[in-house]
1. Within the stretch 145-166, is even one residue in contact with an Asp or Glu (Cβ under 9 Å, 6 or more places away or on another chain), of a type in the set (Val, Ile, Thr), away from ligand 1 (no atom under 16 Å from the Cβ) and touching a residue at least 40 places away in the same chain (Cβ under 8 Å)?
2. Suppose we filter the stretch 27-65 for residues that are over 25 Å from residue 214 (Cβ atoms) and among the acidic types (Asp, Glu); how many remain?
3. Within the stretch 71-114, track down each residue that is without any contact (Cβ under 8 Å) to a residue 60 or more places away in the chain, within 16 Å of ligand 1 (Cβ to nearest atom) and touching a Pro at 6+ places or on another chain (Cβ under 9 Å).
4. Go through the stretch 179-235 and give me each residue that's hydroxyl-bearing (Ser, Thr, Tyr), touching a strand residue (DSSP E or B) at 6+ places or on another chain (Cβ under 6 Å) and closer than 15 Å to residue 133 by Cβ.
5. Taking the conditions exactly as written (within 12 Å of ligand 2 (Cβ to nearest atom), more than 16 Å from residue 185 (Cβ to Cβ), surrounded by fewer than 20 Cβ atoms within 10 Å (Cβ to Cβ) and of a type in the set (Gly, Ala, Ser)), does residue 63 satisfy them or not?
6. Mind checking which residues of the stretch 78-106 are of a type in the set (Ser, Thr, Tyr) and either buried (at least 18 other Cβ atoms within 10 Å of the Cβ) or not in a helix (DSSP H, G or I) (or both)?
7. Let me confirm something: among 56, 27, which residue is loosely packed, with under 13 Cβ neighbours inside 10 Å, modelled with pLDDT of 95 or more and away from ligand 1 (no atom under 14 Å from the Cβ)?
Amino acid sequence: MKQGRILVLILLVALIVTTGAMAKELSAVKAPKGMKIDGKLTEWEKAKKYALKIDSLEYLVAGSASEYEGNKDIAGTFYVMWDSQYLYVAAEITDDKIFVDHTGAYLFQSDGIQVFVSFDGVGYDRTSYGPTDFQFGFAPQVKGGFAESHVWNNNHKFTDLQFESSTSNGGYILEIAIPAYEFDAELEKGMLLGFDLGITDTDYEKTPQQNYLILSKHGDGWGNVSRFLELLLID
Ligand SMILES: [Ca+2]
Ligand SMILES: [Ca+2]
């Protein structure tokens, strides 16, 4: 009888642990044909079921909680899709004051998002970035300029990295296509990619980032690919 109870307890713990692990797996649906990277999310209806949200102080990994003024200050909803050639990411960001005064390798000091991808799976047995691991930064266009991007942790010279933004008073949208075909990664159903998302927020002109929020809640993914979550490519 006692052994039976212990067995039930072990099974219960195993179930909780398994459920917890499964909850970390993210899903990307197959993109419709004719994706247009224009900062308008007309093609993204199917992906909304698997929306990823960064919407509270618990995602803050660097910066100052005293600068965080709730969901109108900074929050994001993200969608991910794929086809054989591209990984697509869309972000709907709420940000009441948008400043993109730092660019290039300093783009992380501006308002914007970050996308971490490992195209050869999740690197739990390694920490350093390899040839198909990337940290991307994207920022919306401001004052009639262009949207900005930067790639950290990888020297690949992209020729077909596509991104466009639309900006409103209360925030911005970014739509992105990462050309996996450029480094011979053919995406297919059932693949698991390493993946993470971040938002950077500054609320003052020509002033570096105050807050950095990350979906995985790990602040060191910029230097450690084992921090990435799992993204499953589904239909
Ligand atoms: Ca579009
Ligand atoms: Ca801001």
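1. No: the stretch 145-166 contains no residue that is in contact with an Asp or Glu (Cβ under 9 Å, 6 or more places away or on another chain), of a type in the set (Val, Ile, Thr), away from ligand 1 (no atom under 16 Å from the Cβ) and touching a residue at least 40 places away in the same chain (Cβ under 8 Å).
2. 3
3. Result: 81, single match.
4. Once the filter is applied, which keeps residues that are hydroxyl-bearing (Ser, Thr, Tyr), touching a strand residue (DSSP E or B) at 6+ places or on another chain (Cβ under 6 Å) and closer than 15 Å to residue 133 by Cβ, the stretch 179-235 yields only 216.
5. Working: within 12 Å of ligand 2 (Cβ to nearest atom): yes; more than 16 Å from residue 185 (Cβ to Cβ): yes; surrounded by fewer than 20 Cβ atoms within 10 Å (Cβ to Cβ): yes; of a type in the set (Gly, Ala, Ser): yes.
So residue 63 fits the description; yes.
6. Matches in the stretch 78-106: 79, 84, 86, 88, 94, 103.
7. From the options 56, 27, the qualifying one is 56.
Conditions tested, residue by residue: (1) out of contact with any helix residue (DSSP H, G or I) (no Cβ under 6 Å at 6 or more places or on another chain); (2) surrounded by 15 or more Cβ atoms within 10 Å (Cβ to Cβ); (3) not small (Gly, Ala, Ser).
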| position | (1), (2), (3) |
| --- | --- |
| 122 | yes, yes, yes |
| 133 | no, yes, yes |
| 144 | yes, no, no |
| 155 | yes, no, yes |
| 162 | yes, yes, yes |
| 168 | yes, no, no |
| 171 | yes, yes, no |
| 203 | yes, yes, yes |
| 219 | yes, yes, no |
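The values are calculated or read from the model by the stated rules, or taken from the named source; none is laboratory data. Computed from a predicted structure; not experimentally measured. Using ideal geometry, Cβ is built from the backbone for each residue, glycine included, and neighbour counts are taken over all protein chains shown.
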